[in-house]
Amino acid sequence: MDEMEEELKCPVCGSFFREPIILPCSHNICLACARNILVQTPDAESPQSSRASGSGVSDYDYLDLDKMSLYSEADSGYGSYGGFVSAPTTPCQKSPNGVRVFPPTVPQPPPQQHLLPQPGSLPPIPRNSCITCPQCHRSLILDDRGLRGFPKNRVLEGVVDRYQQSKAAALKCQLCEKSPKEATVMCEQCDVFYCDPCRLRCHPPRGPLAKHRLVPPAQGRISRRASPRKISTCTEHELENLSMYCVQCKMPVCYQCLEEGKHGTHEVKALGAMWKLHKGQLSQALNGLSDRATEAKEFLVQLRNMVQHIQENGVEFEACLVAQCDALIDALNRRKAQLLARVNKEHEHKLKVVRDQISHCTVKLRQTTGLMEYCLEVIKENDPSGFLQISDALIRRVHMTESQWGKGTLTPRMTSDFDLTLDSGPLLQTIHQLDFVQMKVPAAPMLQLEECCTQNNSATLSWKQPPLSTITVDGYILELDDGNGGPFREVYVGTETICTVDGLHFNSTYKSRVKAFNASGVGQYSKTLIMQTSEIAWFTFDPASAHPDIMFSNDNLTVTCNSYDDRVVMGNSGFSRGVHYWEMTIDRYDNHPDPAFGVARGDVLKDVMLGKDDKAWAMYVDNNRSWFMHNNSHTNRTDGGISKGATIGVLLDFTRRIVIFLINDEQQGPVAFEGLEGVYYPAISLNRNVQVTLHTGLPIPDFYTPGEADPTGSVC
């Protein structure tokens with residue numbers, strides 16, 4: 001009930017309606033507030049006002065207001081029925097709820113006349129006053145009746161009164177024996193208020209009581225306190241009661257209104273009948289609105305659940321992001337330790353090399369210095385013979401020692417610089433480019449059942465991604481089983497969301513499913529859809545695979561040829577399972593040709609008689625006899641030929657892997673061919689002397705009993 005409170009408040013004062021009146025635009029306003037927002041128009045507009053009040057239509061016909069666009073917020077204009085009136089320059093005020101209120105511009109009366117009007121009476125309205133609806137801003141110049149010309153909304157006034165009364169006190173249960181508890185529901189049929197214990201005890205939701213309507217106590221109280229019907233009087237003829245309803249003007253009228261002629265030519269109906277009719281229409285409209293409100297409540301629950309899920313997913317995603325960044329930091333620290341180890345190793349190696357060179361040079365220098373000092377002392381000796389005995393050896397040692405200090409000996413074996421340079425540029429660039437990318441696989445697609453269907457031995461499937469899914473999809477994979485409970489196999493991979501699969505087995509049940517994929521991987525499968533192909537084979541001749549000399553008619557069911565040579569045409573459906581039977585009637589047979597009928601592979605030769613190569617199994621027949629032929633081998637000559645009107649039947653049984661031919665419903669010869677495996681197409685060969693019509697979807701002949709399927713046979 002609290003939601004209804006806004007409907008019961010005046011758009012000007014923001015309080016509950018008091019003596020509400022109905023404006024021509026169907027909005028309501030307090031009578032006192034209407035008085036406050038009146039604006040006096042210039043005297044120049046008085047002729048227009050008088051023309052409005054004297055017109056033959058309703059003085060407040062809001063349809064005319066709509067047509068003339070009397071108000072525009074862009075230019076702040078006001079208007080009347082006679083034309084457009086510029087806006088008054090009086091500054092506007094604002095009511096507590098933000099609606100503009102224009103104070104009167106009429107001359108102020110003397111102070112002693114500022115008295116409140118008595119209930120039921122109105123002060124005089126200034127001439128040429130204008131009122132603007134505070135909600136839709138439509139404007140209207142009042143006639144001599146002033147505000148009395150607007151009907152009072154007694155229904156709204158009664159609802160406001162009952163609503164205020166329902167707020168005054170809490171409702172009590174009517175069945176509690178002692179200390180009545182606060183009521184929780186009210187039964188509209190029983191007209192009784194119940195608390196929860198009494199409702200469960202005295203008004204269980206079963207049997208006849210299950211159809212009773214329980215409403216909140218406040219709503220029930222308002223319904224119970226509905227005011228008695230009041231006799232309404234005409235606004236123009238205050239002594240006359242409103243008893244009729246003008247359908248054209250959409251307003252209640254009295255008999256005097258009809259007698260004066262204002263509504264005399266209009267369609268009128270009884271007030272009570274229209275009251276009940278409009279109540280029914282309102283109730284019916286409320287049912288639809290109630291359904292929308294229920295959907296809105298469910299949608300709000302869904303949105304609130306989404307808020308909770310978003311919060312939970314946000315916390316989870318944030319924790320995942322922190323963990324990923326911490327993992328990157330840990331990896332960088334580990335790499336840092338590895339690089340530092342390499343630097344330390346290089347550092348130790350350089351020190352070792354330099355220290356070894358220092359040690360070697362130190363020993364060498366000490367030896368050289370000792371030799372130099374020894375030679376100097378030898379030079380000081382004055383014994384020529386003794387000096388000459390050792391001088392050659394000393395000279396050789398000095399030269400040898402000098403040569404040991406040759407090129408490279410006094411060059412450092414290691415530089416002090418470190419030749420290692422850390423290449424951190426790519427890593428820094430990668431860190432700067434670190435961002436969120438699509439890392440989730442797509443959600444499972446949804447099969448659109450209303451667009452999925454089978455026709456003959458073809459199946460069409462359609463699917464789409466879930467409505468709220470934002471994950472990128474690169475393509476889809478459609479899978480079907482073999483129609484015999486076998487494993488699934490891929491039949492389509494691509495970006496389309498609809499696919500037709502041809503060449504399925506007749507009278508077979510297929511399971512189908514689809515999944516989506518992107519760069520992150522493959523998503524889940526959709527729900528499995530079971531589809532049934534046609535029980536009986538319906539097919540036609542195939543123009544796409546036929547020889548160019550073949551001519552088609554009768555929706556590709558009738559063929560002939562424009563050549564004297566034999567030409568081959570096949571059916572547009574292939575068979576590899578089950579038992580199939582079709583017939584062909586001879587529409588034209590001239591000069592005794594020998595057409596051939598049978599089955600063939602998809603790559604059979606099209607410019608020779610059927611059966612000449614190893615891709616066809618056929619019976620060719622003339623007007624007297626027939627032969628079976630495969631790979632140009634003729635067998636089983638049988639008497640009995642064809643003529644115009646004859647019927648040739650072909651029975652293909654994959655349970656026994658055989659082909660049988662019939663002429664005029666009689667089997668022609670023995671079983672023609674055995675051991676058939678794979679996919680076979682109906683086929684014939686003919687020349688220009690023959691015209692044939694195909695008949696499909698036929699039952700198996702009565703004389704034939706299909707055998708059990710060979711477990712070693714093809715069941716593809």
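Values for this structure:
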| item | result |
| --- | --- |
| Loop GluC sites (Glu not before Pro), segment 273-338 (other Cβ atoms within 10 Å of the site Cβ: 16 or fewer; DSSP) | none |
| Å² per residue, accessible surface of segment 567-716 at 1.4 Å | 41 Å² |
| Electrostatic dipole magnitude of segment 263-309 [Cβ: Lys, Arg +1; Asp, Glu -1; Cα centre; debye, to 20] | 140 debye |
| Amide H within-cut-off set for Arg138, under 5 Å, with H built and near neighbours excluded | Cys133 |
| Amide H partners (placed H, <5 Å) of Leu610, local residues excluded | Ala596, Ser685 |
| Nearby lysines by direct alpha-carbon distance to Lys606 (threshold 27 angstrom, same-chain neighbours under 8 apart not counted) | Lys615, Lys644 |
| Contact order normalised by residue count of segment 557-716, Cα under 8 Å, 6+ apart, percent | 36 percent |
| Cross-link reach list, lysines versus Lys515, counting only Cα pairs under 26 Å and skipping chain neighbours closer than eight places | Lys440, Lys464, Lys527 |
| Additional length obtainable on full extension of the chain from Thr409 to Glu6, 0.36 nm per residue less Cα span | 134.6 nm |
| Inter-site label distance for Ser563 and Gln256 at 7 Å from Cα along Cβ, in nm | 10.3 nm |
| Computed over segment 448-595: relative contact order in percent, which uses C-alpha pairs under 8 Å that are six or more apart | 20 percent |
| Carbon plus sulfur fraction of accessible area for segment 432-475, probe 1.4 Å, in percent | 56 percent |
| Whole-Å semi-axes of segment 495-538's equivalent ellipsoid (Cα gyration tensor) | 28, 12, 7 |
| Protein accessible area in segment 279-399, 1.4 Å probe - carbon and sulfur % | 61 percent |
| Dipole-positive endmost among Ala273, Ile310, Ala285 within segment 271-321 (Cβ charges, Cα centre) | Ala273 |
| Percentage relative contact order, segment 616-698, counting C-alpha pairs under 8 Å, at least six apart | 18 percent |
| Spin-label model distance (nm) - Val493 vs Cys202, 7 Å beyond Cα toward Cβ | 7.4 nm |
| Area of Met306 that stays accessible when all protein chains are in place (1.4 Å probe, Å², to 10) | 80 Å² |
| R0 of 35 Å, Cβ-Cβ distance Gln338-Glu318: FRET efficiency to nearest 0.05 | 0.70 |
| Sites Asn631 and Cys452, calculated FRET efficiency, Cβ-Cβ separation with R0 51 Å, nearest 0.05 | 0.75 |
| Neighbour net charge for Leu686 - beta-carbon separation under 13 angstrom, K R +1, D E -1 | -4 |
| Cross-link pairs beyond the 21 Å C-alpha cut-off, checked among Lys9/Lys269; Lys181/Lys211; Lys364/Lys407; Lys152/Lys250 | Lys9/Lys269; Lys181/Lys211 |
| Accessible surface of segment 624-703, 1.4 Å probe, proportion on carbon and sulfur as whole % | 40 percent |
| Calculated P(r) of segment 337-452 - Cα pairs past 20 Å, % | 72 percent |
| Segment 640-713: GluC sites (Glu not before Pro) in DSSP loop, at most 10 other beta carbons within 10 Å | Glu708 |
| Mean Cβ neighbour count within 10 Å, used as a protection proxy, ranking 4-10, 610-616 highest first | 610-616, 4-10 |
| Euclidean distance of C-alpha centroids, segment 313-390 and segment 459-489, integer Å | 68 Å |
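The values are calculated or read from the model by the stated rules, or taken from the named source; none is laboratory data. These numbers come from a predicted model, not from an experiment. Positions of Cβ are generated from backbone atoms using ideal geometry, with glycine treated the same way; all protein chains shown enter the neighbour counts. Side chains included, ligands, DNA and RNA excluded: accessible areas come from the protein's heavy atoms. Shrake-Rupley method; radii C 1.70, N 1.55, O 1.52, S 1.80 Å.
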